[in-house]
Structure formats: structure tokens, C-alpha cells
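Engineer: I am attaching a structure below and will ask some questions about it afterwards.
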Amino acid sequence: MNDEMAWIVQAQRGSDEAFTVLVEAYQTPVYNLCYRMLGEPEAAEDAAQETFLKVYQNLARYDRERSFATWLLSIAAHYCIDRLRRRRFVSFSIDEDEDTPLELPDRSAPDPETETERRQEQAHLHQLLQSLDPTDRAALVLRYWNDCSEIEIAQALTLTVPAVKSRLHRARRALAKVWEEETPSAHTERMPHESPAF
Amino acid sequence: MNHRPFEDWMLDDTDLTPEQKLELQAHLRVCAQCAALTDVNLVLREARVISPAAGFTARFHVRLTAQRQAQRKRMVWGFLILVISGVSILSWFAWPLLRVVLDSPVEALSTWLSYLLSLWFWLQAVGEAGAVLLRVIPTFVPPYFWPLAALAFIGWSLLWALSIWRFAKIPQGV
């Protein structure tokens, strides 16, 4: 039995201390998922807290054969999707404001200009994410931020693996389309330094 | 413009050979659509993980305590409502009986006593009839019936336990 499983077992037996260790360990991935899903720091904080409350209440139902991280992220993703569906008629601004968590400049970045440009791109991406269907967005966030495999995403979002694949394709195509429309100069500027992704 | 197979390579995150990489780079120089897909892929890969503000766990404990208190309050209220409504319903049903008792207590008492006595005699009669039957039935039942009946009982019990276990299996996800 690994350390994490030992904490889970203790938490299932009612140890608040063990559950605190789990909250400490998973607060960042859960918060990040909620933030990328909901687009606002306050809403993300609230959703992450609610996720841990749900986990606390349903810990007895957790099947130890499954990955705890996937189960936890599944609860967070479903909570955010429900919340987005409930507020679909309420529009909100996701422009960066004073309350937005700061993405601190990367000290290892080659120069401040590149870093500023990168941060602008990140802010732009964050904005674009909000235009996606909630389930597509959740699939994308789980894939890129949480490094989940397609099988894990399928388990977390209660989808089939082909459906996950199709949603990921659709989401990236949609993002690329808006990216192309909104940043027409990006292509010519980016080409000299080729993508390290390929 | 034909985006195949470049788009598939990018969407499937295919590991490319050096020749395929060169082909893809040549395509990206002339295709803005695929270049945008590359850009998005790159930005997604570089995206940072955002952490919550400091003190997340402490805030969680505050919320958990508040939720426990609210739950306790709900339980107390639920219990009170249950008791009050139970007492009210019982009183409503018992009211006609209470009225009879209050109007003529001696008559009500004698009625109840006669009812209890007749119930006692009836139970005695049933008991005696049962004892007679128990004495008579074994002479008609073949001896192999009893082990068969015991086996059938065990089988049904196992089937019942199995079905309960299957239906009560904990589902995952919340």
C-alpha cells in the first residue's frame, strides 16, 4: 500500500488529519481545473472547496481499485460542468482584473519581452477556452494541464474513449479557428522558431 | 488546401520521423489553418498550472465545520418535525377513543376487559389446534421431506443474499 492509499484509508476511517493531507496534495490540480473551467478565481475557489466537500462526504464510496486523482478530478469536472450549464444565460467577463491570480514572470525565460508575449498568449488562450462547450473544455484541461490519458478522461467525464478523442479534436480545431481569426499575424511571426511540439 | 495527413498528425500527437517533420514544416509555411493548430497546441503545452491563494486548507476546514453545524441543525429540526407530526397524527386518530373514555370511563374499561378476555381465549384455542396439528402432521410427511426443505431454505437464503449484494454494490462517481 503506497502513502497516498494509506492516507485515503485513514480518511475513510474518519481521520480529518489524513483528509487534510489529501487536500494539501490535490488543491492545486483541482483549483487549476476549476479555474480553467470557470474562468474566474472566486468561482474556482468556491468550486474547488465544494469539490473537496463532496469528496469528504462520499469518500466511503470511493473504489480503491480506481485512481484517486481521476475520481477527484471527475467530481471537480462534473461540478464545474453543472455550474456552467446553470449559468449559461449569465454572461461574465473573463478579462484579467485585479483579482485574477497572477502568473508570475518566469525567471528562467530568455528575456522579458518573450515572457510578456507568452503571458499575453496564455491570457488569450484562457479567454478562448471559455468559448468552448463545457465538456470539451473539461476534456482539454484534463489532457493538457492534468496530463490525463484518453482513458482517464473517459472515466472522469463518463464518456467513451472515441468520444473523448473526438471532443479533443473538435476543441482544438475550434480554438485554432478562433486563434487564426484573432491573431492573423501570429503565423508569420511564429514560423521562424518552429514548434518544439513536432 | 488539403490538410491531410498533417492535421491528423497534430491532432493525434503522432511521433513524427525526421522526413515527416520536414514535410509538416513545409506545409505549415503555407497553411495558416494548420499553423494556428500548431500555435494552439504549443500554447496549451506551455500553459502554467494556477495554484489557489495561500490558506486553501484552512478555508476548507472553516467550510467543513460550517457544513457540519448546518447538517446537525437540519437533523435536529428534522427530528423535531417528525416527533411533532407523529404525535399530532396519533392524537388525531386517538381522539374519538379518548372522548369515549372521558365520557364513560367504567363502560370503556369493561368493554376493553371483555375484549382482552375474548382475545386470550381465542389465542388459547389457536394454540391447542396448532399442537394437535404438530402431533398429526409428522405421521403424514415422508422422512426425506425435512432435509429437502432445509436445502431449499438454504438455497433461497443464498439467492437472497447474492441479490442484495449485487444491488447494493457501490456505484462510482458522484
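Engineer: Could we say that A:L84 is surrounded by fewer than 22 Cβ atoms within 10 Å (Cβ to Cβ), closer than 28 Å to A:H124 by Cα and at pLDDT below 95 here?
Structural biologist: For A:L84, the condition - surrounded by fewer than 22 Cβ atoms within 10 Å (Cβ to Cβ), closer than 28 Å to A:H124 by Cα and at pLDDT below 95 - is met.
Engineer: Please state which one of A:V21, A:V55, A:V30 is closer than 19 Å to B:I50 by Cα and hydrophobic (A, V, I, L, M, F, W, C).
Structural biologist: Checking each option against the conditions leaves just A:V30.
Engineer: Under 6 Å between Cβ atoms, at least 6 apart or on separate chains: pull out the pairs that start in the stretch B:4-15 with a residue that is assigned by TED's automatic domain parsing to the domain that holds B:V40 and end on any residue that is of a type in the set (D, E, K, R) and in a helix (DSSP H, G or I).
Structural biologist: Note: no pairs meet the criteria.
Engineer: Sticking with this one: Could you pull out the residue among B:A53, B:A94, B:A108, B:A66 that is within 30 Å of A:R119 (Cα to Cα) and either surrounded by 10 or more Cβ atoms within 10 Å (Cβ to Cβ) or in contact (Cβ under 8 Å) with a residue 24 or more places away in the chain (or both)?
Structural biologist: B:A53
Engineer: Something else: I'd like to know if the stretch B:148-169 contains one or more residues that are within 14 Å of chain A (Cβ to nearest Cβ), within 30 Å of A:Y56 (Cα to Cα) and either free of Cβ contacts under 8 Å to residues at least 60 places away in the same chain or exposed (fewer than 10 other Cβ atoms within 10 Å of the Cβ) (or both). Can you show your working first?
Structural biologist: Applying the first criterion (within 14 Å of chain A (Cβ to nearest Cβ)) to the stretch B:148-169 yields B:168-169.
From what's left, within 30 Å of A:Y56 (Cα to Cα): B:168-169.
Filter again for either free of Cβ contacts under 8 Å to residues at least 60 places away in the same chain or exposed (fewer than 10 other Cβ atoms within 10 Å of the Cβ) (or both), leaving B:168-169.
Within the stretch B:148-169, one or more residues are within 14 Å of chain A (Cβ to nearest Cβ), within 30 Å of A:Y56 (Cα to Cα) and either free of Cβ contacts under 8 Å to residues at least 60 places away in the same chain or exposed (fewer than 10 other Cβ atoms within 10 Å of the Cβ) (or both).
Engineer: Which helices (runs of 4 or more DSSP H) sit wholly inside the stretch B:1-67 and have at least 3 residues that are at the interface with another protein chain (Cβ under 9 Å from one of its Cβ atoms), within 22 Å of A:H126 (Cα to Cα) and in contact with a strand residue (DSSP E or B) (Cβ under 9 Å, 6 or more places away or on another chain)?
Structural biologist: It comes to none.
Engineer: Identify all residues within the stretch A:3-59 that are in contact (Cβ under 8 Å) with a residue 40 or more places away in the chain, touching a Cys at 6+ places or on another chain (Cβ under 8 Å) and within 8 Å of another protein chain (Cβ to nearest Cβ); write none if there are none.
Structural biologist: none
The values are calculated or read from the model by the stated rules, or taken from the named source; none is laboratory data. What you see is a predicted model; the values in this text were computed from it and never measured. No Cβ is skipped: glycine too gets one built from the backbone with ideal geometry, and neighbour counts run over all protein chains shown.
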